[in-house]
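Participant: Here it is, the structure, as structure tokens.
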Amino acid sequence: MSGRVAGAVVICPEPPRECTTCGQTRECRPYGKDGAQVCHPCAMATPESKAEAERQMAMRLFGEGSA
């Protein structure tokens, strides 16, 4: 699982899961709306989904925008 270790961001492979957008079993991350599990192609599919993925990643890995 990705996260912070001693203040450093560590990104690790995730086990395959079902993408909540396309339904395929792929490596997904909780970067969809409200933390939904999405695969990379779905996360980058539209400018809106990309912005949400970046916001979720920043919040989860860096604590940005969580307040």
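Readers should treat all values here as calculations from the given coordinates under stated rules, not as data from a laboratory. Since this is a predicted model, take the numbers as computed values, not measurements. Virtual Cβ from ideal backbone geometry, glycine too; neighbours counted across all protein chains shown.
Participant: Report relative contact order for the chain in percent, whole number only (criteria: Cα-Cα under 8 Å, sequence separation at least 6).
Facilitator: Result for the chain is 22 percent.
Participant: With the chain treated as a Gaussian network of Cα nodes joined by springs under 10 Å, which of Pro13, Pro41, Pro30 yields the largest mean-square fluctuation?
Facilitator: Among Pro13, Pro41, Pro30, the largest mean-square fluctuation in the Gaussian network model of the chain belongs to Pro13.
Participant: Could you tell me what fraction of 2.2 N^0.38 Å the Cα radius of gyration of the chain comes to, as a two-decimal ratio?
Facilitator: 1.09
Participant: With each pseudo-label sitting 7 Å past Cα toward Cβ, what's the Ala6-Glu48 distance in nm, one decimal?
Facilitator: Simple spin-label model gives 4.3 nm for this pair.
Participant: Would you tally the net charge around Cys28, using a Cβ to Cβ cut-off of less than 12 Å, leaving Cys28 out, and scoring K and R as +1, D and E as -1?
Facilitator: So the surrounding residues net to 0.
Participant: Cα axis of helix 47-57 to longest principal axis of the chain: angle in degrees, 0 to 90, nearest 10?
Facilitator: The two axes meet at around 40 degrees.
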